[in-house]
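One structure below.
The values are calculated or read from the model by the stated rules, or taken from the named source; none is laboratory data. Predicted model only: the values in this text are computed from it and were never measured. Note: ideal-geometry Cβ built from the backbone for every residue, glycine included; neighbour counts use all protein chains shown.
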Amino acid sequence: MSRGASTSFADATRSLLRRTLLEAARDLAAERPWRDVTMAAIAKRAGVSRQTLYNEFGARGPLTEALVLYEVDRFIATVEAAVAERAADPPEALTAALDVFLTAVAEDPLVHAVVTEDGRDELLPLVTSQAAPLLGYASERLAAILRSHWPHVPDGEARFMADTLVRLALSYVVLPVSDPRPTVDGVTRILRPYALAVLGGGAGG
């Protein structure tokens, strides 16, 4: 096996391990208060030793941060799929993205843990007072999606729009709505002129 192939295999193996650990943590967060989810329980659910878990994340704090970003990836993947299906109509793409996002937020067990007393000590600061890493990461991901479907949009405009939408989205993570439809309709009416001004002209690819 060549050095490149060996490195690629090692990276894939570690990526699989990390995903397995985060899925185990996510499953446990859906079953019990996050403060009661121990590192030992996560390792057991993932089928690995506790030392393996610590080798990957170092401590509970970095694991919690990684779990939040992992959930962000799940949300963004859902949003990206909705945008891709309707990229030829920017306002419709925005509506679909908001719809799937708010629906996912309303049903997500980790979001529930964030906004209840169970998650306030560790989880809530990561989407409020300590949200800078999450905001930067999610904004970059969303800006890349915007540039992918509407390449005529200037980079600065894509970044500003992404940052604005992520900040709006975070407000609904902290204070989710039970019925997303009225919110989607209202926010779309407000943002439609902006979406047309920035993204108008149809999909770029």
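Of the residues Thr78, Thr95, Thr128, only one is touching a Phe, Trp or Tyr at 6+ places or on another chain (Cβ under 9 Å) and not aliphatic (A, V, I, L, M); which?
After applying the criteria, what remains is Thr78.
If we only count helices (runs of 4 or more DSSP H) wholly inside region 10-86, which ones have 3 or more residues that are under 15 Å from the mean Cα position of the chain (by Cα)? Quick ask: steps written out before the conclusion?
Working: elements: 39-46, 50-57, 60-85.
The helices (runs of 4 or more DSSP H) meeting that bar are 60-85.
Please go through region 23-40 and pick out each residue that is under 10 Å from Pro109 (Cα atoms), at pLDDT below 90 and in contact with a Leu (Cβ under 8 Å, 6 or more places away or on another chain).
Those that are under 10 Å from Pro109 (Cα atoms), at pLDDT below 90 and in contact with a Leu (Cβ under 8 Å, 6 or more places away or on another chain): Ala29, Ala30.
Could you tell me how many of the residues in region 22-59 are basic (Lys, Arg) and either in the same structural domain as Val105 (by TED's automatic domain parsing) or buried (at least 16 other Cβ atoms within 10 Å of the Cβ) (or both)?
The number of residues fulfilling the criteria is 2.
Any residue in region 92-114 that is surrounded by 14 or more Cβ atoms within 10 Å (Cβ to Cβ), under 22 Å from Pro176 (Cβ atoms) and among the aromatic types (Phe, Trp, Tyr)?
Within region 92-114, one or more residues are surrounded by 14 or more Cβ atoms within 10 Å (Cβ to Cβ), under 22 Å from Pro176 (Cβ atoms) and among the aromatic types (Phe, Trp, Tyr).
For region 137-157, what are the residues that are free of Cβ contacts under 8 Å to residues at least 24 places away in the same chain and buried (at least 18 other Cβ atoms within 10 Å of the Cβ)?
Ala143, Arg147
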